[in-house]
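Here's the structure, in C-alpha cells; my notes come after.
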Protein chains: 2
Amino acid sequence: MADKQSPEYLENLRHSTAHLLAAAVMKLWPHTHRTIGPAIENGFYFDFDFGDTKISEDELSKIEETMREILKDWKGFERHELTADAAKKEYPDNEYKHELIDEFSSDGQTLTFYKSGDYWDLCRGGHVDHPENALKHFKLLSVAGAYWRGDEKNKMLTRIYGTVFPTKVELEDHLARLEAARERDHKKLGKELDLFVFSEIVGKGLPLWTPKGATIRREIERFIVDLELKRGYLHVYTPDIANLALYEKSGHYPYYKESMYAPIQIDDEQYMLRPMTCPHHFELYLSHSHSYKELPMRIAELAKLYRYEQSGELAGLLRVRSFCLADAHIIATAEQAAAEVKGALELIQEIAGIFGLKPGEHYRYRLSLGDRADEKKYFKDDAQWDHAEGVLRSVLASQDVPFFEASAEAAFYGPKIDIQMKNVNGKEDTAFTVQYDFVMPKRFKLSYINEQGESEEPIVIHRSSVGAIERVMAFLIEHYAGKFPVWLSPTQVKILPITDRALEYAQTIANELRDSSVRVEIDNRSETLGAKIRDAQLEQVPYMIVLGDREVEEQAISVRMRDNAKYSGTSLDEFKNYLTEKITQKSLQL
Amino acid sequence: MADKQSPEYLENLRHSTAHLLAAAVMKLWPHTHRTIGPAIENGFYFDFDFGDTKISEDELSKIEETMREILKDWKGFERHELTADAAKKEYPDNEYKHELIDEFSSDGQTLTFYKSGDYWDLCRGGHVDHPENALKHFKLLSVAGAYWRGDEKNKMLTRIYGTVFPTKVELEDHLARLEAARERDHKKLGKELDLFVFSEIVGKGLPLWTPKGATIRREIERFIVDLELKRGYLHVYTPDIANLALYEKSGHYPYYKESMYAPIQIDDEQYMLRPMTCPHHFELYLSHSHSYKELPMRIAELAKLYRYEQSGELAGLLRVRSFCLADAHIIATAEQAAAEVKGALELIQEIAGIFGLKPGEHYRYRLSLGDRADEKKYFKDDAQWDHAEGVLRSVLASQDVPFFEASAEAAFYGPKIDIQMKNVNGKEDTAFTVQYDFVMPKRFKLSYINEQGESEEPIVIHRSSVGAIERVMAFLIEHYAGKFPVWLSPTQVKILPITDRALEYAQTIANELRDSSVRVEIDNRSETLGAKIRDAQLEQVPYMIVLGDREVEEQAISVRMRDNAKYSGTSLDEFKNYLTEKITQKSLQL
C-alpha cells in the first residue's frame, strides 16, 4: 500500500483531482476548452478557456457538487495510447491541446490518455488507485486569470485552484491554516489598519504610506540606522539616479538590464534609476585615497532602489517597483573578511531577535556556492572561490544557527549567505543576503595603502541587515497579525473619556504622555465606552486609558490592554514609567 | 556734485570701468572682438571673443596695469552719433556688435558712441565725470566662460569680472568681504571638511554625502521631522516616481514640463521623476473620505524631488538636479487658513532660531501677490485672490518679523509668502515658501464632510518649514563657516592621547561617551600633541579631550575647545553632563 504522506503519492493525488475538476467543468460547460492541470504545492489547478462564459468563485460550489457526483463512478485510471491525429480529434477547435499534441508527438511518439468513468484527457500519467475513495477530501479555493503558458502575449485563461488531502482532518487543518493566513494577509491588514494604499494614477507597484504606516516605517528605519551606527557602519546618502556609464562600469548594464528601467535622457546623457547601491558606494570610496587603518570601512545607506517587475507579479508590499533597502558594502582586507561576515550575521540575529524572530523557527541560512565549471555564470578564479566559500562556511559553522548548502546559487562575483525567512504560510523565501565579492574591487580599481606603504586590493562584502523595508513591513504585519509591539504601534495609547466631563483630564494626560514622546490619541466621539473600546481594539492599539468620573475625581487612571492582558496600577506616573520602558526596551510583551 | 553712494552713481561708475577694461584688453590684444560690458551688483563684467587666444586669471594684473596707464588720459566721456553703417565699420568682422547695431538701429535711429582718451565704444551712455580720478579704485576679480546672450546654442565667450568703488577704503572692505565669503564658500569647506563629493561618472548635480556630511543631514532631517510631528504634522512616504497621468491631472504637465525630466517608459506607461509632492499627497488624501473633524490635516514628507537645471547652472549643493524638500500640504477649511499660515510661520521661526538665524538680520518675508489682469499667469477668481491675499497679509502683519510686498510674484494657484534668506555675501534669495492654494482642491476634487453632513471643498496650504535639505546644508556651512554647533558636528569629541600609555584610558572614555550617544573619535596616530590639536581644529571638532600621564593617573580629563573657548572641569561625569545638555538643547555656544 502507498505511503499516503510521501511526496509522490501527494502529487499523484493532487493531479488526479485536477482531472476530476476538469471532468466536472466539461460536464457543466461542454464548450469549454481544457488546457493543463498540474499538481502544485499543497494542491492543484486547472486552466480553462471558457469562451465568452464568465466564471467566478460563486460557481465553485456547483463545480464541487458535480465533482462529487462524477467521483462515484471513478474506479481507476485506465491508460490508452493514441496517435497524434486521433488525439487531436478528441479536442475539436482546442488550439491549446493541439499545440501540446504537436509538441509531445514531435518525435513520432504515441500519446497517452487516462480515463476514469466516462472522462478522459491527454496525460503523461501519475495518478492514485481507487480514486472514488482517495479523492474524497478536496476543496476548490479560488478563480484567477492566467496567461496560456505564463506568457503575457498569450490569451488570458481562467485558472481554478483547489486542494486535496488523504484525510478529512488534514484537509480541515489546511483550510484552517489558509483562513488564518488570509486573516493575517498584509494587504488585507494594511487596508484595515490604514497602513498603506495604492493609487491607480500614481502607478502600479508604488505604495503610498499613510501616516500610520509611515510611523512604523520611520521607527524601523531609525532603529536600523542607529544600531548600524553603533556597530561602526558609516551611513551615507547617494543619488537614486546615475549616469548609465556608471552601470556599464559595474557591469550591471547590460547584464542586469532586464531588471532596470528605461534610461532618462538629460541633455546628451542617459540616466538610470538605480537598481543597486554598490557602484555608488564604490565611487564614494574612490573620492579619496585610503589607508589600511581605515579598513574595514562599512559604508551603509537606506537606499531607494528600482527594479523592474512585470505588472502581473506585483503583490502588495512584497513585490514593488521601488523599495528601500538597508544596504551596506564593507570594504576590507581579505584577512578581515571572516570577522566582518560574522559581525554581519550577528547584527542580523540581533535585529531579528528584537522583532521576535527566532533562528530555526522563522529563518535559517543558506550557503550559496558557485559552480567552478560554469564560467559563463561565475567569474573564473577557482582559488578565490575556494577561499571565499571556505570563509563563509567556517563563519556559518561557528554560529549557533541552522544552515544548509546550495550549489550554483551564488552571485556572479562570489559566494553568499542567503537569509531564508519563513512566512506565516510556512513558505520559505530568500529575504536578503550577505555576499563575498572579489570581482567588483577589480572592476572599480578599489585600493588601499597597506602597512608597507604599497597599494593593495581589498575585498567587498555586500550585505543587508534586514532587507527591503517594504518586505520587512509585509512580513511583520503578517507575523504580528497586525498586533505590533508597542514601540512600533502607530498609536501607542488611546484615551477613552466615558463622558465629556473627563475631556479636560484626558487632555492633561495626553500632553504629559506626549512630552515623554508617547504617541497618544483621545477618542472624543460621542460614542458609548463599549464602542470606543471595540474600535481601539480593531485598530490594535496596545493600551487604552479609560477615564470616568471616578478617575477624574481621584486623578487616577484605569488601563486596559489589547488582548485582555492586565495592568492594575492606577497612577499615571507609574504607568508612564512602565510604558516608556516597554517602548525603550522594544519589548514584545505589553 | 553727485551723491557718490547713490545707486545711479554707482552704476555709472561700474559701467565706466567696464569701458576702461575693454580699452585695456583692446590695447593688449587688438584682434579681440568686444561685445558688451554692463554694471552688475557690486561691480561689472565685459564679454570678449579672444579668438584662439586663451585668457586666464594670470593675465588680470597685466590688464589692470594697462587700465591704470590708459586711465591717466581719460578726462571725460564724449558723446558721438554715428549711422549704423559707420558704426559697423568701427568693428570689422565683429558679428556680435553687428548684431547689436542691427537691433538698435532697426527703427532708423542713429547710434551713440562714447569716447575717452583714444578709446570709444558703442554705448547708450551712463558714465561718471572725471574718470581719471573717479575710476581709480578698481580691481579685476575673475575670468569665466559665458555664452553670447546667455544662450547655450551660441558661442562661449570669455567674461572678465571686476569691481570698483568711489574710495580705496570701500574697495578694500569689499575685497575683504569677498575673501571672507570665499573662505566660507560651501563648496570649498564641503571639500575641506569632507562633507560631500561629486563624481563625474555618477552624474552632474548629484551630490554624494560622505559619512560626515550624512551625519549632519541626518541630524537636521530628524530634528525637522520630530518637530513637525510635535506640531501635529502627519509624516508620510510617497513614491519618487509616478505615472505621467498624475501630472496631467495636476496640470504640472505640460505647464511645468520644462523643469521636468524626460519620461521613463515602463511597459505601455510613462513615468516621471516627480518635480513636486502635492499631487502625491492629494492622492493619499483621496484614498479615504474625510470629516471636518480631521481638518486641518497636515500631510508632511521629506520628499525627494527632481527638477531640471542646465548643467551650466549647477552649483555645489545650491543648485542640484535632485533635492530633498521638507514639504507639507495642509488641507483645511477656509476658516482655518489664517491659523495654519500663522502656525507655519511660527514653525519656520522656531527652526531658524535654533540654527541661530534672526528675522530681519538673516531673513525676511515677501508677500507675493497675483495680478488680477493677467489671466494667463493667474487663475481667474478675483474674490478668492482678494480673500487669500488678505489672509496672508493679516497673518504677516501680526508677526514680529519684517516683510514687504511684491506684485505679480504669486503662484498660478494663489498668493504666497516667500522666505527671503540673505547669505554671507549679503545676497538675498527666496529659500522656500508658504502658499495659499484655492485651485488644486478643484482639480483634484478634494472634499470633506462638514458639520451639516454636506460635502465641501477645502483649501490647501503648500509650505516648507526649512526648504531643501541640500540648500540648508549649503547655507549653514557658510553661515557657521564650517564651525557647526555641537549637535550638528560630525565628530563631537576627539580624544587626543599624548602617548600610547593613555590609549586604554582613551578607549574607556570613548565608550562611556558613546553610551551617551556622543560621536567620539580617538586620534591614536603617532603624532605630536600639537599636530593632533591642529588637525582636530582644522576639522572644526568642538571638543578635544587631551590625555597625558597625569590624566591617566588621576582618572581625570583635560578639555580643550574649538576657538579657544574655555572649559576648566576635570571630571568626566561633569563634562558628560555639560556636553549632553549642549547637544540636547541644540546650543549654539560650546
Of (1) touching a Lys or Arg at 6+ places or on another chain (Cβ under 8 Å); (2) facing chain B (nearest Cβ under 9 Å), residue A:162 satisfies every one except (2)
So is residue B:220 over 17 Å from residue B:329 (Cβ atoms), assigned to a helix (DSSP H, G or I) and open to solvent by less than 40 Å² (accessible area, probe 1.4 Å) or not?
yes
If you check residue B:368 against the conditions, is it of a type in the set (S, T, N, Q), farther than 21 Å from residue B:232 by Cα, open to solvent by less than 20 Å² (accessible area, probe 1.4 Å) and within 26 Å of the chain's Cα centre (by Cα)?
yes
When you go through (1) touching a residue at least 24 places away in the same chain (Cβ under 8 Å); (2) surrounded by 14 or more Cβ atoms within 10 Å (Cβ to Cβ); (3) in contact with a strand residue (DSSP E or B) (Cβ under 7 Å, 6 or more places away or on another chain); (4) not small (Gly, Ala, Ser) one by one for residue A:57, which number turns out not to apply?
(2)
Based on what the data block shows, is residue A:407 buried (at least 23 other Cβ atoms within 10 Å of the Cβ) and among the hydroxyl-bearing types (Ser, Thr, Tyr)?
no
Please determine whether any residue of segment A:492-513 is surrounded by fewer than 19 Cβ atoms within 10 Å (Cβ to Cβ), among the polar types (S, T, N, Q) and in contact with a helix residue (DSSP H, G or I) (Cβ under 6 Å, 6 or more places away or on another chain).
no
Name the single residue that is farthest from residue B:39 (Cα to Cα) among those in segment B:132-176 being exposed (fewer than 14 other Cβ atoms within 10 Å of the Cβ) and of a type in the set (Asp, Glu).
B:152
Leading residue by the ranking (nearest to residue B:482 (Cα to Cα)) among those in segment B:553-568 that are assigned to a helix (DSSP H, G or I) and open to solvent by 40 Å² or more (accessible area, probe 1.4 Å):
B:563
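Evaluate the following for residue A:499: is it at pLDDT below 95, outside the structural domain of residue A:215 (by TED's automatic domain parsing) and among the polar types (S, T, N, Q)?
On the way: at pLDDT below 95: yes; outside the structural domain of residue A:215 (by TED's automatic domain parsing): yes; among the polar types (S, T, N, Q): yes.
When the stated conditions are applied, residue A:499 passes them.
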Counting only residues that are facing chain A (nearest Cβ under 9 Å) and not charged (D, E, K, R), segment B:282-296 contains a total of 4
Flagged pairs (Cβ under 8 angstrom, 6 or more apart or on separate chains; first in segment A:516-536, in the same structural domain as residue A:573 (by TED's automatic domain parsing) and crowded, with 16+ Cβ neighbours inside 10 Å; second outside any loop (DSSP other than H, G, I, E, B) and among the hydroxyl-bearing types (Ser, Thr, Tyr)) are A:518/A:580; A:519/A:215
Please work out which one of (1) under 30 Å from residue A:517 (Cα atoms); (2) in contact (Cβ under 8 Å) with a residue 24 or more places away in the chain; (3) under 31 Å from the mean Cα position of the chain (by Cα); (4) within 10 Å of chain A (Cβ to nearest Cβ) is the condition residue B:278 fails and give its number.
(4)
Segment A:218-255, subset facing chain B (nearest Cβ under 9 Å) and of a type in the set (Gly, Ala, Ser), residue farthest from residue A:519 (Cα to Cα):
A:245
Need the failing condition index for residue A:346 against (1) within 26 Å of the chain's Cα centre (by Cα); (2) crowded, with 17+ Cβ neighbours inside 10 Å, just the number.
(2)
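Out of the residues in segment B:60-90 that are hydrophobic (A, V, I, L, M, F, W, C), within 30 Å of residue B:106 (Cα to Cα) and touching a residue at least 24 places away in the same chain (Cβ under 8 Å), which is least open to solvent (accessible area, probe 1.4 Å)? Steps first, answer last, please.
Here is the first cut: in segment B:60-90, the residues hydrophobic (A, V, I, L, M, F, W, C) are B:60, B:63, B:67, B:70-71, B:74, B:77, B:82, B:84, B:86-87.
Keeping just the survivors that are within 30 Å of residue B:106 (Cα to Cα) gives B:77, B:82, B:84, B:86-87.
This time we only want the ones that are touching a residue at least 24 places away in the same chain (Cβ under 8 Å), so: B:77, B:82, B:84, B:87.
On the way: B:77: 41, B:82: 20, B:84: 28, B:87: 0 Å².
Ranking the qualifying residues of segment B:60-90, first place goes to B:87.
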The residue that is most open to solvent (accessible area, probe 1.4 Å), considering only those in segment A:413-425 that are modelled with pLDDT of 90 or more and within 17 Å of residue A:439 (Cβ to Cβ), is A:416
Of everything in segment A:310-325, what is open to solvent by less than 60 Å² (accessible area, probe 1.4 Å), farther than 17 Å from residue A:236 by Cα and more than 10 Å from chain B (Cβ to nearest Cβ)? Give them in sequence order.
A:314, A:315, A:316, A:317, A:323
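Please find, within segment A:177-217, the residue that is farthest from the other protein chains (Cβ to nearest Cβ) out of those that are under 19 Å from residue B:297 (Cα atoms) and open to solvent by less than 10 Å² (accessible area, probe 1.4 Å). Show your work before the answer.
Applying the first criterion (under 19 Å from residue B:297 (Cα atoms)) to segment A:177-217 yields A:193-197, A:208-215.
Filter again for open to solvent by less than 10 Å² (accessible area, probe 1.4 Å), leaving A:195, A:208-210, A:213-214.
Details: A:195: 11, A:208: 5, A:209: 4, A:210: 6, A:213: 8, A:214: 5 Å.
Out of the qualifying residues, it is A:195.
Every residue, every condition in (1) of a type in the set (Gly, Ala, Ser); (2) open to solvent by 30 Å² or more (accessible area, probe 1.4 Å), yes or no:
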position	(1), (2)
B:378	no, no
B:394	yes, yes
B:402	no, yes
B:411	yes, no
B:427	no, yes
B:442	no, yes
B:459	no, no
B:465	yes, no
What are the residues in segment B:8-49 that are polar (S, T, N, Q), open to solvent by less than 30 Å² (accessible area, probe 1.4 Å) and in a loop (DSSP other than H, G, I, E, B), if any?
B:32, B:35
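The values are calculated or read from the model by the stated rules, or taken from the named source; none is laboratory data. Since this is a predicted model, take the numbers as computed values, not measurements. Heads up, the Cβs are rebuilt from the backbone with ideal geometry, glycines too, and the neighbour counts pull from every protein chain shown. Just so you know, the surface numbers come from the protein's heavy atoms only, side chains and all, with ligands and any DNA or RNA stripped out. Shrake-Rupley method; radii C 1.70, N 1.55, O 1.52, S 1.80 Å.
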